[in-house]
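Since the structure comes first, as C-alpha cells, the remarks are kept for the end.
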Amino acid sequence: LGNHSNIIAIHNPIDQEDIIKQTQSDITLPAHCENGYLIHVGKFKPQKNHQLLIRAYHQSSQKLPLLLLGTGGEMQKCELLVKELGLDNKIHFMGFCQNPYPYIAQATGMVLSSDFEGFGIVIAEALSLQVPVISTDCPHGPAELLNQNCLVPVRDIQGLSDKISKLMDRPTDFKTAFPTHLLPHCVAKEYLQFMGID
C-alpha cells in the first residue's frame, strides 16, 4: 500500500458566525416546548439508532419534549414505536428542515444515539451555538468534540436514559466549549501548512 506517513486528517470547517446568523429565522415549535426541549438532528437510518433514543427517552424523566428533525427509511418504524410507548405528546417528528439552526439554538440540549459516525458535524454546529450535547461514544467523532461526561457507551439504553434525565435537569453540566480549531481560518491555515505554504 506504500508509505502513508504524509496523510493527515483536516476537518471540515464550521463557520460559527454564519451559523449564528442563520438562527435568526422564525420557527414554530410544537406545544409544550415553552419550558425547553431536547433535539436530535439527523436522517432516519440504521446507524443513527433513533429507536434506542426513543426507548432511552421513554425510560427518562420526560420533563421536556423531544424533537426529531429529519426524514428517512427508518422513520415509520420510529413513529410506530412512539405510538406503542404512548409518547405521541412528548416526541415530535419535525421532518426535513432546510435550516435547523434556530431549532438547535433554542434547544435545552442535543442528544445523539448513533452506533457509528463520521466526524460529528452536527455536534460541532451545536457547540458553536453553545448548546449542551450528549452522545453515544461511537466511532469516530463524538469523543473528539465532547467532554467525557457527555458520552455514553454505544447501545447503553439505561446509561443514555440517565444522561437524558440529567441533561433536562442540569443542562449546564453538559456544556462543552466550541473547538475553535474548526473555524474556517484555522482550517485554511492547516491546509497551507500541509502544503508547505507560510
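The values are calculated or read from the model by the stated rules, or taken from the named source; none is laboratory data. Remember, predicted model here, so these are calculated numbers, not experimental data. When we count neighbours, we look across all protein chains shown, and the Cβ atoms used for this are built from the backbone with ideal geometry, even at glycine. These accessible areas exclude ligands, DNA and RNA; they are computed on the full protein's heavy atoms, side chains included. Shrake-Rupley method; radii C 1.70, N 1.55, O 1.52, S 1.80 Å.
Looking at Gln22, Gln59, Gln16, Gln106 in this structure, which one is touching a residue at least 40 places away in the same chain (Cβ under 8 Å) and more than 22 Å from Ala126 (Cβ to Cβ)? Steps first, please.
Details: Gln22 fails: more than 22 Å from Ala126 (Cβ to Cβ); Gln16 fails: more than 22 Å from Ala126 (Cβ to Cβ); Gln106 fails: more than 22 Å from Ala126 (Cβ to Cβ).
Sole residue among the options that is touching a residue at least 40 places away in the same chain (Cβ under 8 Å) and more than 22 Å from Ala126 (Cβ to Cβ): Gln59.
Condition check: loosely packed, with under 15 Cβ neighbours inside 10 Å and of a type in the set (Gly, Ala, Ser). Does Ala188 satisfy that? Lay out the reasoning, then the answer.
Working: loosely packed, with under 15 Cβ neighbours inside 10 Å: yes; of a type in the set (Gly, Ala, Ser): yes.
So Ala188 fits the description; yes.
State whether the residues of region 95-102 include one that is in contact with a strand residue (DSSP E or B) (Cβ under 6 Å, 6 or more places away or on another chain), open to solvent by 10 Å² or more (accessible area, probe 1.4 Å) and within 18 Å of Lys43 (Cβ to Cβ). Write out each step before concluding.
Narrowing region 95-102 to residues in contact with a strand residue (DSSP E or B) (Cβ under 6 Å, 6 or more places away or on another chain): 97, 100.
Among the residues that remain, those that are also open to solvent by 10 Å² or more (accessible area, probe 1.4 Å) are: 97, 100.
Among the residues that remain, those that are also within 18 Å of Lys43 (Cβ to Cβ) are: 97, 100.
Scanning region 95-102 turns up at least one residue that is in contact with a strand residue (DSSP E or B) (Cβ under 6 Å, 6 or more places away or on another chain), open to solvent by 10 Å² or more (accessible area, probe 1.4 Å) and within 18 Å of Lys43 (Cβ to Cβ).
Taking only region 40-90 into account, find how many residues are touching a Leu at 6+ places or on another chain (Cβ under 9 Å), part of a helix (DSSP H, G or I) and open to solvent by 40 Å² or more (accessible area, probe 1.4 Å).
Residues meeting the conditions: 4.
Within region 91-108, is there a residue that is closer than 17 Å to Ser161 by Cα, modelled with pLDDT of 95 or more and not in a loop (DSSP other than H, G, I, E, B)?
yes
State whether one or more residues within region 9-23 are part of a loop (DSSP other than H, G, I, E, B), out of contact with any Lys or Arg (no Cβ under 7 Å at 6 or more places or on another chain) and of a type in the set (Gly, Ala, Ser). Please lay out each step first, then the result.
Of all residues in region 9-23, those part of a loop (DSSP other than H, G, I, E, B) come to 9-15, 23.
Okay, now just the ones that are also out of contact with any Lys or Arg (no Cβ under 7 Å at 6 or more places or on another chain), so 9-15, 23.
Going one step further and asking which of them are of a type in the set (Gly, Ala, Ser), we end up with 9.
Looking for residues that are part of a loop (DSSP other than H, G, I, E, B), out of contact with any Lys or Arg (no Cβ under 7 Å at 6 or more places or on another chain) and of a type in the set (Gly, Ala, Ser), one finds at least one in region 9-23, hence yes.
Suppose we filter Gly70, Gly95, Gly86 for residues that are in contact (Cβ under 8 Å) with a residue 24 or more places away in the chain and over 16 Å from Glu125 (Cβ atoms); which single one remains? Working first, answer last.
Values: Gly70 fails: over 16 Å from Glu125 (Cβ atoms); Gly86 fails: in contact (Cβ under 8 Å) with a residue 24 or more places away in the chain.
It is Gly95.
Any idea which of Ala143, Ala126, Ala177 is among the hydrophobic types (A, V, I, L, M, F, W, C) and out of contact with any helix residue (DSSP H, G or I) (no Cβ under 9 Å at 6 or more places or on another chain)?
Details: Ala126 fails: out of contact with any helix residue (DSSP H, G or I) (no Cβ under 9 Å at 6 or more places or on another chain); Ala177 fails: out of contact with any helix residue (DSSP H, G or I) (no Cβ under 9 Å at 6 or more places or on another chain).
Selected residue: Ala143, the only one of Ala143, Ala126, Ala177 that is among the hydrophobic types (A, V, I, L, M, F, W, C) and out of contact with any helix residue (DSSP H, G or I) (no Cβ under 9 Å at 6 or more places or on another chain).
Name the residues in region 79-123 that are under 13 Å from the mean Cα position of the chain (by Cα) and among the aliphatic types (A, V, I, L, M), would you?
Ile104, Ala105, Ala107, Met110, Val111, Leu112, Ile121, Val122, Ile123
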